[in-house]
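The values are calculated or read from the model by the stated rules, or taken from the named source; none is laboratory data. On a predicted model such as this, the values are computed, not experimentally measured, just so you know. Cβ placement follows ideal geometry from the backbone for every residue including glycine, while neighbour counts extend to all protein chains displayed.
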Amino acid sequence: MTLQVALAMLQREGRWLLQLRDDIPGIVAPGMWGLFGGHLELGEAPEQALRRELLEEIGWQPDRLRPWFRHADSRRIAHFFHGPLLVPLSGLHLQEGQDMALASLDELRRGAVWSPRLGQNRALAESLGWAVAQLQRQPLPPQG
């Protein structure tokens, strides 16, 4: 069975919500910036999984999530959704990962984003790179 994940590209004031993954060997993209979301459980639809993961990871979920694109390779199928982030960063409760930040498309294009908590730039996870490439091909409308 192919591993499936659902990921959220949440936008606030022209910036995108990112999760800095833990520095734990053996996890996907340790210590890199990625998107909030996670694996689908057996019988779970992608949007349902994403809503569950957002509550678990940041204690919040948007009213609206729209399917955006799907990326498949030999390792997994990633379902990407987009939506507005209607609360400030301070209104989220990071419960998974070591930091979170809002990044501009210019920052994302550079391939590294500053971590306020760690005080250093960290690279982007491969899945976030797919989202950045998609944004460059087809920008999303402003959210909010």
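Scanning segment 106-122 for residues that are surrounded by fewer than 15 Cβ atoms within 10 Å (Cβ to Cβ) and closer than 25 Å to I77 by Cα yields R109, G111.
Per the listing D73, D22, the residue uniquely at pLDDT 95 or above and acidic (D, E) is D22. Scanning segment 18-33 for residues that are surrounded by fewer than 21 Cβ atoms within 10 Å (Cβ to Cβ) and touching a helix residue (DSSP H, G or I) at 6+ places or on another chain (Cβ under 9 Å) yields V28, A29. Residues being surrounded by 15 or more Cβ atoms within 10 Å (Cβ to Cβ) and within 16 Å of G38 (Cα to Cα): count how many of those fall in segment 77-95. Number satisfying all stated conditions: 7. For segment 23-37, enumerate the residues that are assigned to a loop (DSSP other than H, G, I, E, B) and not hydrophobic (A, V, I, L, M, F, W, C). Those that are assigned to a loop (DSSP other than H, G, I, E, B) and not hydrophobic (A, V, I, L, M, F, W, C): D23, P25, G26, P30, G31. Per this entry, S127 is counted among residues that are assigned to a helix (DSSP H, G or I) and surrounded by 16 or more Cβ atoms within 10 Å (Cβ to Cβ).
Conditions tested, residue by residue: (1) over 20 Å from L89 (Cα atoms); (2) among the acidic types (D, E); (3) touching a residue at least 60 places away in the same chain (Cβ under 8 Å).
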{"site": "S115", "(1), (2), (3)": "no, no, yes"}
{"site": "Q120", "(1), (2), (3)": "no, no, no"}
{"site": "L124", "(1), (2), (3)": "no, no, yes"}
{"site": "V132", "(1), (2), (3)": "yes, no, no"}
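Out of E57, E96, E44, one residue alone is among the charged types (D, E, K, R), closer than 17 Å to L18 by Cβ, in a loop (DSSP other than H, G, I, E, B) and out of contact with any Lys or Arg (no Cβ under 6 Å at 6 or more places or on another chain). It is E96.
The single condition among (1) without any contact (Cβ under 8 Å) to a residue 40 or more places away in the chain; (2) part of a strand (DSSP E or B) that L17 does not meet is (1). Per the listing H93, H79, the residue uniquely in contact with a Pro (Cβ under 8 Å, 6 or more places away or on another chain) and not polar (S, T, N, Q) is H79. In segment 43-68, of all residues being surrounded by 17 or more Cβ atoms within 10 Å (Cβ to Cβ) and hydrophobic (A, V, I, L, M, F, W, C), the one that is nearest to A131 (Cα to Cα) corresponds to W68.
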